[in-house]
1. Which residue is nearest to the chain's Cα centre (by Cα), if the candidates are limited to region 189-203 and must be open to solvent by less than 10 Å² (accessible area, probe 1.4 Å) and away from ligand 1 (no atom under 16 Å from the Cβ)?
2. Only one residue in A38, A70, A33 is open to solvent by 50 Å² or more (accessible area, probe 1.4 Å) and closer than 30 Å to G312 by Cα, so which one is that?
3. Can you spot a residue in region 160-182 that is farther than 26 Å from E64 by Cβ and either assigned to a loop (DSSP other than H, G, I, E, B) or open to solvent by less than 10 Å² (accessible area, probe 1.4 Å) (or both)?
4. If G238 passes every condition in (1) surrounded by 12 or more Cβ atoms within 10 Å (Cβ to Cβ); (2) within 14 Å of ligand 2 (Cβ to nearest atom); (3) touching a residue at least 60 places away in the same chain (Cβ under 8 Å) but one, which one does it miss?
5. Which condition from (1) under 15 Å from V3 (Cα atoms); (2) within 16 Å of ligand 2 (Cβ to nearest atom); (3) out of contact with any Lys or Arg (no Cβ under 8 Å at 6 or more places or on another chain); (4) not aromatic (F, W, Y) is the one that P162 breaks?
6. With respect to P297, determine if the residue is within 30 Å of G44 (Cβ to Cβ) and away from ligand 2 (no atom under 16 Å from the Cβ).
7. Does L288 meet the test of being modelled with pLDDT of 95 or more, within 16 Å of ligand 2 (Cβ to nearest atom), within 29 Å of D194 (Cβ to Cβ) and open to solvent by 10 Å² or more (accessible area, probe 1.4 Å)?
8. Can you list the strands (runs of 3 or more DSSP E) found entirely within region 228-333 that contain at least 2 residues being farther than 18 Å from N207 by Cβ?
Amino acid sequence: MPVVWSDRHRLHEPGGEIWVGVRTPGTELPERAERIRAELERRGARLVEAEPHPDEVLALHDPELIAYLASAWQAWDDAGLTTDPGQDRVVPYLFPHPGLVGDLEPGAPAAATARAGAFAYDTMTLIGPGTWEAARAAVDTAVTAADLVRAGERAAYALCRPPGHHATRTAFGGSCYLNNTATAAARLGRLADDVVAVIDIDAHHGNGTQSIFWESGQVLVGSVHVDPGAGWFPHFLGFADEAGAGGGEGANRNLPLAPGSGDGPWLDAVAELADWVGRRAGSVVVALGVDAAGVDPESPLEVSAEGYRAAGRALGALGLPTVFVQEGGYDLGTIGPLVAETLFGFEEAT
Ligand code: SP5
Ligand code: ZN
C-alpha cells in the first residue's frame, strides 16, 4: 500500500515535555518517523509525498484553536519569554478550569503565557518554532492517504507526525495538536453516504477523536487501550461506559484493558471492534499507535510483533477500504518493524 510522507514533520522538535513540573527529554521525537520510513523502504514500500491542502481541511477544529496554534510560537517569542524567564517552548501555566470560571465565559487573555492555558489541556505538549508547520503537514499527510483510498486504493498508510488522536475540537494535548485521524475519517466520509469507522489501537484512549465525533452517528469510534482507571493517560476519559450522545448514542465504544495485558486480550478486543464496525461501516480509519508493545516506554501493555501482525490480518479480513494513520509508538528500536508487521498482516489478509 502507498506510504504517505512529508519531510516537514522534522520541523516539530518538542524539546522535551514538562511532566509533573520537570522537563524530561520526552519520547515523541523526529527520529520516530525516520525509523518507520527506513523500515518500510527497506521492505520495498512505495512512498508518496503528502499533497498540500487549503485550511478547509481543518474544519473539525475550532477556528480559535487553529489561529492560536498558527501564531503561538511567534507570540511567545515576541513577548520575550525565550529570554525572560528563558523558556524556549510555549508552556501553559494557568488553565480556565471549570472550578475556576464556573458558568462565566472566560475573557480572552492578553498574555501569551495565559493564552497557552486556554488551548492546552496538559503541560507536556510543547510548541516550538516549527510545530505548526509540522502539525499542518501531518493533516495533509492523513488527507492525502484518505484521498488515495477514495480514488480506489484498497488501503493507504499516513506516516503522520506529530500524532493527533488526543487533540479535540478546541484543545491540544497528549503530544497532539491537530487530529489527523479524525480529519482522515471526515474526508473518507465526505463523498460516501455510508458510515465511516475509526478503530484506534494506540495504547492510549483516543479521547480527541471520541470527543469530535461524540454526537455523530456517521462516524463510529472504537478504541482499545490501557484502562485509564488503572492510572494511565488520559486518566479522565476512555472508560467502557462512554457510548456517545444524541445522534451518536451507541456509536462510540471503549475497550479498556488491564495493565500487563498481552496478545490474547488485546487481539480479542481488536476482533470485537472489527466485528462491530464490519457490520455497520463502509470504510475504516485505523489509528495505528504501536505503543501497546511490550517494549514501549509509555504503556504497560505487552503486545508482541506477532500480535501486531495478527491485528493487521484481522483488520484486512474486514475487506473494507482502509486508511492507516500513525499515532503513538516510542521505542525507536522496534517502532519500524511493529508498523511494518501490522501493514503486512493487513495485506496478507486481502
Ligand atoms: C499519541 C500518544 O501516544 N500520546 C501519548 C501521550 C501520553 N503521554 C503520557 C506521558 C506521561 C509521562 N511520561 C512519563 C514516561 C515515564 N516512562
Ligand atoms: Zn499512545
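The values are calculated or read from the model by the stated rules, or taken from the named source; none is laboratory data. Computed from a prediction, not measured in an experiment: that's the story for all the values here. As a convention, Cβ positions derive from the backbone with ideal geometry for all residues, glycine included, and neighbour counts pool all protein chains shown. Heads up: the accessible areas ignore ligands, DNA and RNA and are worked out on the full protein's heavy atoms, side chains in. Shrake-Rupley method; radii C 1.70, N 1.55, O 1.52, S 1.80 Å.
1. Of region 189-203, the ones open to solvent by less than 10 Å² (accessible area, probe 1.4 Å) are 196-203.
This time we only want the ones that are away from ligand 1 (no atom under 16 Å from the Cβ), so: 196-197.
Working: V196: 17, A197: 15 Å.
Checked region 189-203; the qualifying residue nearest to the chain's Cα centre (by Cα) is A197.
2. On the way: A70 fails: closer than 30 Å to G312 by Cα; A33 fails: open to solvent by 50 Å² or more (accessible area, probe 1.4 Å).
It is A38.
3. Taking region 160-182 and keeping what is farther than 26 Å from E64 by Cβ, we get none.
Taking every residue of region 160-182 in turn, none turns out to be farther than 26 Å from E64 by Cβ and either assigned to a loop (DSSP other than H, G, I, E, B) or open to solvent by less than 10 Å² (accessible area, probe 1.4 Å) (or both).
4. With (1) surrounded by 12 or more Cβ atoms within 10 Å (Cβ to Cβ); (2) within 14 Å of ligand 2 (Cβ to nearest atom); (3) touching a residue at least 60 places away in the same chain (Cβ under 8 Å) applied to G238, the lone miss is (3).
5. P162 satisfies all of (1) under 15 Å from V3 (Cα atoms); (2) within 16 Å of ligand 2 (Cβ to nearest atom); (3) out of contact with any Lys or Arg (no Cβ under 8 Å at 6 or more places or on another chain); (4) not aromatic (F, W, Y) except (1).
6. Numbers: within 30 Å of G44 (Cβ to Cβ): yes; away from ligand 2 (no atom under 16 Å from the Cβ): no.
No: the conditions fail for P297.
7. Criteria not met by L288.
8. Numbers: elements: 252-257, 283-288, 322-326.
Because the criterion is at least 2 residues that are farther than 18 Å from N207 by Cβ, the strands (runs of 3 or more DSSP E) in region 228-333 that meet it are 283-288, 322-326.
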